[in-house]
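I have placed the structure first, in the form of structure tokens, so that the comments after it can refer back to it.
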Amino acid sequence: LTLAYQPKEGFGALLDVAAGEDMRILHAAEDGNDNTFDVVQGFVQYATGPLTVIAGKYVSLAGAEVIAPTGNTNFSRSLLFYMEPLTHTGIRATYAAGDTVNVIVGINNGWNTTSTSYGSKTAEFGLAWAPSKAFALAAQAYVGKDQAYDAQKNLVDLVATYNATDALTFVLNYDWGRQEQHVAQDPALNWDGVAAYANYAFTSQWRVSVRAEYLDDNDGFNTGTVQKLKEDTVSLGYSPVKSFELRAEARYGESDKWTFVREI
């Protein structure tokens, strides 16, 4: 449920609440609790000319996929989705530096946290460039200390979108991340990955989405094991009416290490 008043000039606000199984994922990232209800976003904003400033809780700039499942072309989430921040609490300014470029800067409490108990902040930087309807490029960076490690945590995220035709779209998402450790002599923990998407609409009712992905968890920071993961997904969508879609999906994944639990 989203309630929003966001005029092009002056003050506004947005409240976005959600309930269901997806909110367990968000709560696990935010506070470790098993809860099926969450305030995904809640912020006030002020807009004047090319500048818009929001303050409160809002979704991350990072990634090709979003929390709201209807905004994604596949049913299941990508590997990269879990390696990226989901929400932030702080203040963000977006400046439209022309018709095709947006510059974004912000100061947040970190990744997926509303708490102000940890004094160090995380800076966010974003650049969105859309020179035409056919192509768009977004680059994001997050730089700041992680409370769990009390050390520097960095993420660079790139998303490129190419609309080949009205029916065919390609998306490429790349991530590079690094977590320093509190003890200076301990090595930094690194990860990187890439996800590629192809989306094709056969008709106004039928579509298919293909995703291929690779994640190198170099030091086991995200998955708990030093491993290289791959996954391939095919999703078929059918919309009998414009506001409703049925999805069927097949997914295959593998790791270069034996990391999955098997019960006999």
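Below are the figures for this structure:
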{"read-out": "Given (1) in a strand (DSSP E or B); (2) surrounded by 14 or more Cβ atoms within 10 Å (Cβ to Cβ); (3) not hydrophobic (A, V, I, L, M, F, W, C), index of the condition residue 232 fails", "value": "(2)"}
{"read-out": "Any hit, the stretch 216-227, residues being at pLDDT 95 or above, in contact with a strand residue (DSSP E or B) (Cβ under 7 Å, 6 or more places away or on another chain), of a type in the set (Val, Ile, Thr) and under 22 Å from residue 157 (Cα atoms)", "value": "no"}
{"read-out": "Residue tally, condition in contact (Cβ under 8 Å) with a residue 40 or more places away in the chain and farther than 12 Å from residue 60 by Cα, over the stretch 88-140", "value": "7"}
{"read-out": "Pairs with Cβ under 6 Å, 6+ apart, first in the stretch 229-250 and over 30 Å from residue 218 (Cβ atoms) and without any contact (Cβ under 8 Å) to a residue 60 or more places away in the chain, second aromatic (Phe, Trp, Tyr) and open to solvent by less than 80 Å² (accessible area, probe 1.4 Å)", "value": "246/238"}
{"read-out": "Test: residue 67 is among the β-branched types (Val, Ile, Thr), surrounded by 15 or more Cβ atoms within 10 Å (Cβ to Cβ) and over 24 Å from residue 136 (Cβ atoms)", "value": "no"}
{"read-out": "Selection within the stretch 7-23 - of a type outside the set (A, V, I, L, M, F, W, C) and either assigned to a strand (DSSP E or B) or surrounded by 14 or more Cβ atoms within 10 Å (Cβ to Cβ) (or both)", "value": "10, 12, 16, 22"}
{"read-out": "Test for residue 44: is it part of a loop (DSSP other than H, G, I, E, B), β-branched (Val, Ile, Thr) and either open to solvent by 50 Å² or more (accessible area, probe 1.4 Å) or without any contact (Cβ under 8 Å) to a residue 40 or more places away in the chain (or both)", "value": "no"}
{"read-out": "All positions within the stretch 28-41 that are surrounded by fewer than 17 Cβ atoms within 10 Å (Cβ to Cβ) and not aromatic (Phe, Trp, Tyr)", "value": "28, 29, 31, 32, 33, 34, 35, 36, 39"}
{"read-out": "Test: residue in the stretch 70-78 that is under 17 Å from residue 124 (Cβ atoms) and in contact with a Ser or Thr (Cβ under 7 Å, 6 or more places away or on another chain)", "value": "no"}
{"read-out": "Residue ID - nearest to residue 241 (Cα to Cα), chosen from residues in the stretch 205-228 that are among the acidic types (Asp, Glu) and in a strand (DSSP E or B)", "value": "213"}
{"read-out": "Residue 54 being of a type in the set (A, V, I, L, M, F, W, C), within 30 Å of residue 19 (Cα to Cα), modelled with pLDDT under 95 and crowded, with 21+ Cβ neighbours inside 10 Å", "value": "no"}
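The values are calculated or read from the model by the stated rules, or taken from the named source; none is laboratory data. These numbers come from a predicted model, not from an experiment. Cβ: placed from backbone, ideal geometry, glycine included. Neighbour counts: every protein chain shown. Ligands, DNA and RNA are stripped out before the accessible areas are found, and what is left, the full protein with its side chains, is counted by its heavy atoms. Shrake-Rupley method; radii C 1.70, N 1.55, O 1.52, S 1.80 Å.
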